[in-house]
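The values are calculated or read from the model by the stated rules, or taken from the named source; none is laboratory data. If you're wondering where the values come from, they're calculated on a predicted model, not measured in any experiment. To get the accessible areas, we keep the full protein, side chains included, count just its heavy atoms, and leave off ligands, DNA and RNA. Shrake-Rupley method; radii C 1.70, N 1.55, O 1.52, S 1.80 Å.
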Amino acid sequence: MSQEDSQEFEIDPSWMICVCVFCAVMQSKAPSKTHSSGSIFNNCGELVSMATRTESRGNLSNGERPDTLYAFVAGLYVAILLTPIAILGISTVSVDGGILYMSYLGFIALFTAVAGWLISHTAGLAVRLGHHDLIWLLVAVPFVPFVGVFAASEIGISPPSIAIVLAMVTMIGGMFTSLPLVTMSRNRYTTAAVANTTEITEWEGRWPQWWRQISYGAMIIAILGGSAGIIAHVVFGVEWAGNLYLLMVFWAPLAGSANPRTFRVTDAGLVVHRPLLHRFRPWIAFTGYSLNDEALVIYRKGWWRQNIRCDRDDIEDVDAAIAALDTVIADCTRSSSREI
């Protein structure tokens, strides 16, 4: 049975307890056996422990409800997406700015409370969301209204002014809530995934030097291009240049390339700790690794996925890291490492 199949196969510990009781009854009826009832219970206890661990790996939610902070952020995110719909409905009755503003605040509070309560009572939601890469769609969804309004104006449809304002507020508010929501989901999934695992080794490392230099260059271009666009729009009246401010969005992720990351090799998968984000990937998601004078590269399945790269000079004990990767990748992916 493959590791992917084993993650989906769950064993109910209560069923194993019934087996233990049955074994004890049979032992009492067969005193001539060499095993004592205590040894039977010990063996069954080991089975129960294995079953519990298998269930923990396969069903990472463990029935736990999202904590209050997570429920609040997720509820606020939902409220930011739903409130504009209610405000557009109210705007058909009244266009008074004060009424619309107070209505917006009221619906934000209402939707946040309702959605937050529902989320807090949905067991394992944070872990399930953090498990899938599609969670990044949460970041893209708030941009849909803004893109829709912009596209409508380009084809000659004039949306109401309130729709433009709501689209911008939704985009900004959604961006500032979706990114923390994705991070919190990833971190909670990682915490659940590494529970009851064995850590083999760990090391710290930055991106390889060449990749860091590319990031620095792109970051400088993003800052200068965005600033120049804003200046050209405000000072010289170049309307299209104002859109260059979007380049500033790339500054934050590029700046993180200089920060060291902590890599933890466990028997279940690889954990990568960044200052605010923790990421877990099982070993079946990798195909092998390569090591040269500049970097250690761990290859992921799928050509579209970014491989994990680490500056070799930053790894304190390269031999220990390679020995650990040889063990887990060879066992879990049946692929051999390769040395460049």
Probe 1.4 Å, accessible area per residue of the stretch 92-146, Å²: 62 Å²
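With N set to the residue count of the stretch 118-218, report its C-alpha Rg divided by 2.2 N^0.38 Å to two decimal places.
Values: Rg = 19.8 Å, N = 101, 2.2 N^0.38 = 12.7 Å.
Its radius of gyration relative to the 2.2 N^0.38 Å reference: 1.56.
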Quick one: how many Å² of Ile135 are accessible to a 1.4 Å probe, rounded to 10? 10 Å²
How much length, in nm to one decimal, is gained on full extension between Ser290 and Val235, taken as 0.36 nm per residue of separation minus their Cα-Cα distance? 14.6 nm
In Å², nearest 10: area of Asp267 left accessible to a 1.4 Å probe: 60 Å²
